[in-house]
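All of the numbers you see were taken from the coordinates with simple rules; none came from a lab. Since this is a predicted model, take the numbers as computed values, not measurements. Positions of Cβ are backbone-derived with ideal geometry, glycine not excepted, and every protein chain shown enters the neighbour counts.
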Amino acid sequence: MSSFKVQRRMCATCIYRPDSYLDLGKLENEVRDPHMGFSGHRVCHHAPDKSGICCRGFWDAHKDEFPAGQIAQRLNRVEFVEIDTHSVNDGIRRTRAANRLKAQRIFQANAEAKLVRERLRRR
């Protein structure tokens with residue numbers, strides 16, 4: 001029988017971190033089953049595709065609220081694994097930098113459009 005794999009540590013970019021800007025309650029309520037908690041688990045965003053490795057933040061918050069977590073604990077089949085997040089973090093940093101640049105361009109375009117509207121309004 002295989003084990004249920006959980007990320008050993010919470011990632012620096014985990015949505016379950018206390019300093020996360022996301023509305024976690026809203027996100028969870030969108031997928032929470034009103035009768036049984038969660039039908040599945042959140043896969044760590046650093047985990048390889050199709051690995052199914054559980055997010056540590058999700059595990060800490062909800063390990064007793066989804067069937068696989070409950071069963072794995074009862075059978076003592078929880079395995080904490082280390083995911084190499086350095087290469088993924090580099091990719092995340094590059095993506096964030098690109099997104100910041102896009103946001104700056106959009107802001108600049110909006111500012112320019114506002115100036116054009118003001119000039120047209122003055123005519």
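Let me have the 222 nm mean residue ellipticity of the chain computed from DSSP H runs of 4+ only, each contributing -39500 (n - 2.57), with the sum over all residues rounded to the nearest 500.
-16000 deg cm²/dmol
If each Cα of the chain is one equal point scatterer, what is log10 of I(q)/I(0) from the Debye formula at q = 0.21 Å⁻¹?
-1.22
On a straight-distance basis, which lysines could pair with K102 in a cross-link, Cα separation under 30 angstrom, same-chain partners fewer than 8 positions away excluded?
Here the lysines satisfying the reach criterion relative to K102 are K26, K114.
Check the chain for me: any Cys whose beta-carbon has no other cysteine beta-carbon within less than 4.7 Å?
C54
Please build a GNM for the chain, connecting alpha carbons under 10 Å apart, and tell me which residue among H35, H46, H62 fluctuates the most.
Among H35, H46, H62, the largest mean-square fluctuation in the Gaussian network model of the chain belongs to H35.
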